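Notes for the one structure printed next.
The values are calculated or read from the model by the stated rules, or taken from the named source; none is laboratory data. This is a predicted model, so every value here is computed, not measured. No Cβ is skipped: glycine too gets one built from the backbone with ideal geometry, and neighbour counts run over all protein chains shown. Quick note on the areas: whole protein, heavy atoms, side chains included, nothing else; ligands and nucleic acids left out. Shrake-Rupley method; radii C 1.70, N 1.55, O 1.52, S 1.80 Å.
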Amino acid sequence: MQSQQYQQQRRKFAAAFLVFIFILAIVDTAEAGKKEKPEKKVKKSDCGEWQWSVCVPTSGDCGLGTREGTRSGAECKQTMKTQRCKIPCNWKKQFGAECKYQFQAWGECDLNTALKTRTGSLKRALHNADCQKTVTISKPCGKMTKPKPQESKKKKKEGKKQEKMLD
């Protein structure tokens, strides 16, 4: 009885060993069947860097627009292309639509010139724009008057209704 169990165990082991050898043979032939692909040649491009123009808004002086890019090179497939861009409408356009500045508070009014000034330092430049590091702006000194308190819209409407009824 024990010899039968021993023979069964040997048969199972031999079968498992043969399956293992078979799997190894399949894997080895599959790897040998694969052709080694030569590595792609790294093509050195004669093309230069893209140079981008300023963003030109489609309508108005801010919002969505386009910019054109060019590059040089004898064997470049593409030497010009157009890219969509956006000019934020709250940026100070006098310093370039692609230059964003962080401004200090307005200074005191200069009595000689009747102007007050403030300085801004460059915060961000889009697409390698050529921006000044610091800019100064000035504006006329305003009269310091308190604004008149406005009546609420509801009161104004009621007044207009009463005038119409009287007519």
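Skip the ligands, DNA and RNA, and give the accessible area per residue of the range 93-140 with a 1.4 Å probe, whole Å².
Numbers: 3470 Å² over 48 residues.
On a per-residue basis, 72 Å².
For the residue pairs 86/133; 77/123; 81/139, the alpha carbons lie more than 31 Å apart in 77/123; 81/139.
Taking amide hydrogens as placed 1.01 Å from N in the peptide plane, the amide H of residue 115 sits under 5 Å from those of 110, 141, each at least 5 positions away in sequence or on another chain.
Shown for the range 93-140: the carbon plus sulfur share of the solvent-accessible area, taken with all protein chains present and a 1.4 angstrom probe, equals 45%.
Considering only protein heavy atoms, with the full assembly of protein chains and a 1.4 angstrom probe, order 113, 119 by accessible area, largest first. Could you put the intermediate results ahead of the total?
Values: 113 80, 119 50 Å².
Largest accessible area first, the list is 113, 119.
Dipole magnitude of the range 93-140 about its Cα centre, charges +1 at Lys/Arg Cβ and -1 at Asp/Glu Cβ only, in debye to the nearest 20? The partial results should precede the final answer.
Numbers: 8 positive and 4 negative charges, 34 e Å.
Roughly 160 debye, rounded to the nearest 20.
Put 103, 17, 22 in order of accessible area, highest first, and with a 1.4 Å probe you get 22, 17, 103. Listed values for the range 131-141 are Karplus-derived 3J(HN,Hα) couplings in whole Hz (6.51 cos²θ - 1.76 cosθ + 1.60, θ = phi - 60°), namely 10, 6, 5, 9, 9, 10, 10, 9, 8, x, 6, and x replaces Gly and Pro. Rounded to the nearest Hz, the phi-derived 3J(HN,Hα) couplings of the range 71-88 under the Karplus curve 6.51 cos²θ - 1.76 cosθ + 1.60 (θ = phi - 60°) are 8, 10, x, 5, 10, 6, 6, 10, 10, 9, 7, 10, 10, 6, 8, 9, 9, x, where x marks glycine and proline.
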